[in-house]
Amino acid sequence: MENKEILGLVEKVIIEGTGKVHAMALIDTGATRSSVDTAIAKKAGLGPVIGSVAIKKAHTPERQTRVQIAGKLILREKSFDVKFTVSDRSKMFTPVLIGRDILFSNFLVDVEKTHSSNKIADLRERGD
């Protein structure tokens, strides 16, 4: 555990494909996989499509099939090759969600350590 960095609830990330996009990401220990908004995936030039996965959404028994796409994530100056699921996150709080596929073995999450400028209430107030 001593080599793991501590993340807060929301972190700044860079999504890379043929392009590069800076975005805010929600750290979600309940999510198996990381996910990116369709607009971010397009702008960053992510790809190729490498398959699809069934996603179980919270509070519903239904499963949703999502495309999985290759890309790179930079979080706290560490680079990860990621198989992002792609979905419309335009109505979500953040365009990127970081799941256990990245968190496991790399980071610890402590929402108390969330930088004050990255707390959800502050971000909503600023319109980030």
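The values are calculated or read from the model by the stated rules, or taken from the named source; none is laboratory data. Quantities reported herein were computed from a predicted structural model and do not represent experimental measurements. Methodologically, a virtual Cβ is constructed for each residue, glycine included, from the backbone with ideal geometry; neighbour enumeration extends over all protein chains shown.
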Task: Top-ranked residue of segment 75-88 - restricted to ones that are within 20 Å of Ile50 (Cα to Cα) and among the aliphatic types (A, V, I, L, M), ranked as surrounded by the fewest Cβ atoms within 10 Å (Cβ to Cβ) - done: Val86
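Checking the condition on the phi > 0 side of the Ramachandran plot and in a strand (DSSP E or B), which residue from Gly51, Gly47 passes?
Numbers: Gly47 fails: in a strand (DSSP E or B).
Of the residues listed, the single one that is on the phi > 0 side of the Ramachandran plot and in a strand (DSSP E or B) is Gly51.
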TODO: Within segment 16-28, identify whether any single residue is in contact with a Gly (Cβ under 8 Å, 6 or more places away or on another chain), surrounded by fewer than 15 Cβ atoms within 10 Å (Cβ to Cβ) and within 19 Å of Thr94 (Cα to Cα), and answer yes or no.
DONE: no
- [ ] Taking Thr38 as the residue in question, decide whether it is closer than 17 Å to Lys83 by Cβ and of a type in the set (S, T, N, Q).
- [x] yes
Open item on the list: Being among the hydroxyl-bearing types (Ser, Thr, Tyr) and under 13 Å from the mean Cα position of the chain (by Cα) is the requirement here; does Thr65 meet it?
Closed with: no
- [ ] Determine if segment 6-25 includes at least one residue that is modelled with pLDDT under 90, among the charged types (D, E, K, R) and either touching a strand residue (DSSP E or B) at 6+ places or on another chain (Cβ under 7 Å) or not in a helix (DSSP H, G or I) (or both).
- [x] no
